[in-house]
1. Bin by bin, in steps of 5 Å, what percent of the Cα pairs in region B:110-178 do you find, going until the bin that has the longest distance?
2. If each residue's Cβ is checked for other Cβ atoms within 10 Å, how do B:219, A:99 rank with the fewest at the top?
3. Each label point is 7 Å from the Cα along the Cα-to-Cβ direction; what then is the distance between the points at residue A:169 and residue A:238, in nm?
4. Which residue fluctuates most in the GNM of chain A (Cα springs below 10 Å): A:102, A:198, A:146?
5. Could you work out the equivalent-ellipsoid semi-axes for region B:28-109, taking the square root of 5 times each eigenvalue of the Cα gyration tensor, largest first, in whole Å?
6. If one puts a single equal scatterer on every Cα of region A:2-232 and applies the Debye formula without solvent, what log₁₀ I(q)/I(0) results at q = 0.07, 0.11, 0.12 Å⁻¹?
7. In chain B, what % of DSSP beta bridges are antiparallel (nearest 5)?
8. With viscosity set to 0.890 mPa s at 25 °C, what whole-number translational diffusion coefficient in µm²/s follows for region A:169-262 from Stokes-Einstein and a Kirkwood radius over Cα pairs?
């Protein structure tokens, strides 16, 4: 079973800032992390490999610094990693990104399954996964909450919907996007983390994946970001009180008293 | 571990490298040098577990991976409730292999990235969530050779905190480490008089940035508050001569030699 996981490096949500001129997220100087939903995608790929054998390959597109997210995927246990990197990719919207990633997946070859997080927390479009599937002509299921069975060239998954979930059968190769209910991402061990930091990450240019230059980058992107604004800040704070109900109640009274709320 | 009938120990807090470290090998080598220095001094290396919910490597894996020698009775591993059952056992099994027998069981600071032990993971019934009480009970049931300590927070409502401590002790905890105190503390005094045979370690704040303790003590401490950690430690040693001292955020370059001299009795 050869599984590709598409991951994206995004600004840490606590650090995200928007350039008032360009309306784009300022990525320089802000802490970058792996898109949180992609952690679940990586974990699912690893679980499938552990169950059925094969390979789990992490792929990302972005600047050199995006290697950090690939290192995280390798630390978790991915077998290898590929970074699509080059000036020509810069400014790609979801359409151009889907195209580039689909070309990389074609180059990897013989891929049975592609897994993406349900969406990236910076753009929040949830379009890239389905876009890749469309470009590769794969069956797809978005918002998958469990992978129940994979055999005889088919997989059965549960897809979350507004009222519950659908059970779907997909013919492989297929693409799924996953939600947080699907698993609990593992924490990398030190041994794996050290190995990952010295692992070679393949860096592919548009030429390496045979990408049509007219289909990647800003000029090939039909989407224009007209306006982006940070949400209004909230002054509320959440305090989670855990423990036995009687303890929690006492602590709640203490906290409210300390804040002169009662 | 600290005993009331012997020389009180210094617990030196060591924070393992962060998971997202950009200079992991450098951080590991710093961890190793701190650990070895503490072993050589005869102090206790007290290794944190994802402190403040920030993802870090585990103390036991750093010791194992770096081939460090954990001297018996000189390593205390902090263990919180933010683990999977499998990870919990991996940590405890590894501690056993390394000869580490002291665990500080704490509820801990979670983060969205960290899993949380479920009551069924630690065979706890009639409880909604796992706290240090259930964790202590579980560790001692499955690893009876371990010594488990727990935390005591003198800034919590006193009746509530003593009631909680009672449950921790009933679960088998055999020593206590307090939250940082900077002088004579009424709750700690009552702790010592209520449990005269219980080994107690008081936490001494070794950073000059006293305001970082604001959240712990529950009131704002001004950023410009003047604070002398060494003087405070000296004072705590005099006030609580039978207690061990847990030194948090100790400056290895700037303060460690002084601590060694104090321990040797070269200086007061």
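What follows draws every value from the coordinates through simple rules; no lab data is involved. Keep in mind it's a predicted model, so treat the numbers as computed, not measured. Methodologically, a virtual Cβ is constructed for each residue, glycine included, from the backbone with ideal geometry; neighbour enumeration extends over all protein chains shown.
1. Histogramming region B:110-178 at 5 Å steps yields 3, 16, 23, 23, 21, 12, 2 percent.
2. Ordered from fewest to most neighbouring Cβ atoms within 10 Å, B:219, A:99 come out as B:219, A:99.
3. My value for the distance between the label points is 4.0 nm.
4. Per the Cα network of chain A with a 10 Å cutoff, A:198 tops the list.
5. Numbers: eigenvalues 79, 37, 29 Å².
They are 20, 14, 12 Å, listed from largest to smallest.
6. Here log10 of I(q) over I(0) equals -0.21, -0.53, -0.63.
7. 5 percent
8. 115 µm²/s
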